[in-house]
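Notes follow once the structure below has been shown.
Quick note: the coordinates plus some simple rules give every number you see, no bench work behind them. Predicted model, so just to flag it, every value in this text is computed and none were measured. Cβ placement follows ideal geometry from the backbone for every residue including glycine, while neighbour counts extend to all protein chains displayed.
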Amino acid sequence: MVDLDITEERLGDELLKMKSKGSKMDLVLRLRQEMQNRSSYDKVFQQIWGASVFHGGYYCSTGCATEQGMLETGTQYSPAESEHLKNKHGGSDRKGSLNRGKMALSKTMKRKVDVENRSFNDDWTEKYAFIMPTFRNASPVCLICSETVAVAKEYNLHRHHNTKHSNFKVSYPEQSEARQRKIATLKSAYSRASGIITRTLTDQERVTCASLQAAWVLCRHNRPFTESEVLKECMITVLEELAPDKSMDRIIASVKQVPLSASTNARRVHVLAEQVQNAVIDGVKEAKYFSLAIDESTDNTDISQLCVFVRYFDGKDFREELLALLPLEDNTTADIIFGKLEDFFKSHGLPLDKINLTVTDGAPAMIGKNKGLASHDDLLLHNDVRWLSKGKALERFVELRAQVVDFLKQSKSKAAADHLRVMQDTLYVCNVAFLTDIFSHLNTLNLQLQGKGKSVVDLVEKLDAFGNKLDLFHADLLSGRLLHFNTLKTVGEGNVTDKMKTFITQLKDNFSARFDDFFISRDVIGFVHDPFTISPSGEFSTNAVKMPPLDEAAIQSQLAEIQAAGDMKVALRGAESLSAFWVSCPETYDTLKMLAMYVLTMFGSTYTCEAAFSKMNSIKTHERNRLSTESLEDCLRISLTAAKPDVKKLVSEGKCNFSH
């Protein structure tokens, strides 16, 4: 290529032959290598730069194009190149000028791209065969070659189309039906191709959703993180056995792509638990008031854990959720426990003044007039006494009494002889039979109060009933009929002692004493249970306004109105539960409803905490003793919650990663 007569048409033909993106600059570089005559090259250089503005290399502040591979230190520039640099770069033909040009370019380009509002014009599809994808931060795509341009500017599309597809307008003239059909065909092909990409993204989302669901199920069953890999292997094996004809190859391939490694499972559990906790915290923030159930226990590695449950109304129903599991590194004093709670509430923006009741297990660190944390202690005996296990053990012992006596008779040891004398003592047998019957009644009470959803109203109602039963038990012992002491009547042969009568009296006093500092009056509890049996003008309204700040006159007026409403009486009798009645209560009785909802929000016991500790020991076993406190809380939260995860939302907010 040594011809000196380089015409504009010749240059255009050469540009069309170029396959790379740097069209004109590539041409200049190639001509520079092939043309031996430097004067001829100078003429070509000037003609090329005079033809149009180059796009694709570096731009200087004046808008001309340069190429780092051509204009660099140590290059022997031709006269035309030197003249270009002198004119365009302030008289210097060294790299410093190029760098200054590039710095000026960065400011210029930032202004053009970032500041100017450039949008795609739909007419450009017909004119230049370009389309703008709908996904975020998309760039215009050429329907002919699928290349993109960086900026949605008509000049860029025009240059690309005329440079790379100049024959297109010959084959398909503008505004012709043939061109319209061709554009439509190209758009259809693009849609099919982009649909494959969309389906791929959907597949990624599906495998991530499957991974999250698998992590949720495993965690709900207290399984270790490592079992996710076993689960994946089982799924693949089962599918291969069910479809030996390869009909499920696509499904098996999808299962293999599901991320289910132990580390991935741990991350998934954390994300899921975090979503549950955030939902609970948001619900507590929006609630008018809430109560806390607090208990402390040690896990299998002797780390003290403070379990905090919250009960609140979420606008539809009452919810009981794990609020926090806080490790206690130091002594579990009331000050330390309160400090932990206060820090947690502050860090999550939760208001302490919305707490209407705090229930504890009755431990010294939790209660007390001066230093106690709680408003009242747990009205049940869950933590240390373990009535259920003791009662069942006594029943079993009485059932096996004859076998135990036979065993002791056969033993020759002195200890066995001593135990045998005790087992054959009539008074001892009577006392054991009596305690078996008493613990059986206490077990029945505990079973009535166990389970989630039990409010303080349920607790007081059952304990009042049990207090009345204790009067029956005392009278039954005095009469000697023993209608409520079947074991004492059969095994103890009906022998009633003064100690038994005293025990019943002391047990009744013990239950009564637990209500001494209970600030909710019985008439308020009675109102929530049945508003049609409370006198509007009695002490009820006076006691009611001592809790939430309410208008006493409104309480009396609305109570008189609701008692006269026959439909409300029918609604109470037909309600699924006491809570359901008050939740559906019309706003006509808004003051009464607020009082009832305030009371129903209160926990009745720390049963939820006790159940949580049972779960905690199932999760952090001796085999999983290295489980961190954070992971323990995550697993416990998922295991106990009544909520369902929104895995689609999690996937849309995160990244979709295939298994490797």
**Q.** Contour excess over end-to-end distance, with Cα ends at N468 and S512 and 0.36 nm allotted per residue
**A.** 14.7 nm
Q. Quick one: Karplus J couplings for the stretch 628-645, per residue in order, coefficients 6.51, -1.76, 1.60, θ = phi - 60°, nearest Hz, x for Gly and Pro?
A. 6, 4, 5, 5, 4, 5, 4, 5, 5, 4, 5, 5, 9, 6, 9, 7, 10, x
Q: Note down the net charge around S171, summing +1 for each Lys or Arg and -1 for each Asp or Glu among other residues with Cβ under 11 Å from its Cβ.
A: +3
**Q.** Nearest-20 debye value, the stretch 123-198 charge dipole, Cβ charges on Lys, Arg, Asp, Glu
**A.** 120 debye
Q: Figure the gain on full extension for N617 and I303 (residue separation times 0.36 nm, minus the Cα-Cα span) and round it to one decimal in nm.
A: 111.9 nm
(Q) Show me the ranking of peptides 606-617, 484-495 by mean Cβ neighbours inside 10 Å, starting with the highest. (A) 606-617, 484-495
(Q) What distance in nm separates the two pseudo spin-label positions at N137 and V570, each 7 Å out from Cα along the beta-carbon direction? (A) 6.3 nm
Q. Cα centroids of the stretch 143-167 and the stretch 590-632: how far apart, whole angstrom?
A. 63 Å
Q. Long-range amide H contacts for I355: which residues qualify at under 5 Å (H placed 1.01 Å from N, peptide plane, sequence gap of 5 or more or a different chain)?
A. F290
(Q) Please compute the length gained on full extension between D317 and E329, using 0.36 nm multiplied by the number of residues separating them and subtracting their Cα-Cα distance. (A) 0.7 nm
Q. Which order, highest average first, do 335-342, 253-260 follow once you tally other Cβ atoms within 10 Å for each residue and take the mean per peptide?
A. 253-260, 335-342
Q) Could you give me the ³J(HN,Hα) list for the stretch 566-582, computed from phi with Karplus coefficients 6.51, -1.76, 1.60 and θ = phi - 60°, whole Hz, x at Gly and Pro? A) x, 5, 6, 5, 5, 4, 5, 5, x, 5, 5, 7, 4, 4, 4, 4, 6
Q: Mind sorting K501, K649 by how few other Cβ atoms lie within 10 Å of their own Cβ, fewest first?
A: K649, K501
Q. What does the highest-first list of 468-476, 183-191, 525-533 look like by mean Cβ count within 10 Å?
A. 525-533, 468-476, 183-191
**Q.** Convex hull projection area averaged over all views, the stretch 243-340, Cα basis, nm²
**A.** 10.9 nm²
Q: Rounded to the nearest Å, what's the spacing between the alpha carbon centres of the stretch 203-259 and the stretch 461-538? Just the number, please.
A: 56 Å
Q: For the stretch 123-198, just say rounded, prolate or oblate: build the C-alpha gyration tensor, square-root its eigenvalues into a ≥ b ≥ c, call rounded for a/c under 1.5, and beyond that prolate if a/b exceeds b/c, oblate if not.
A: oblate
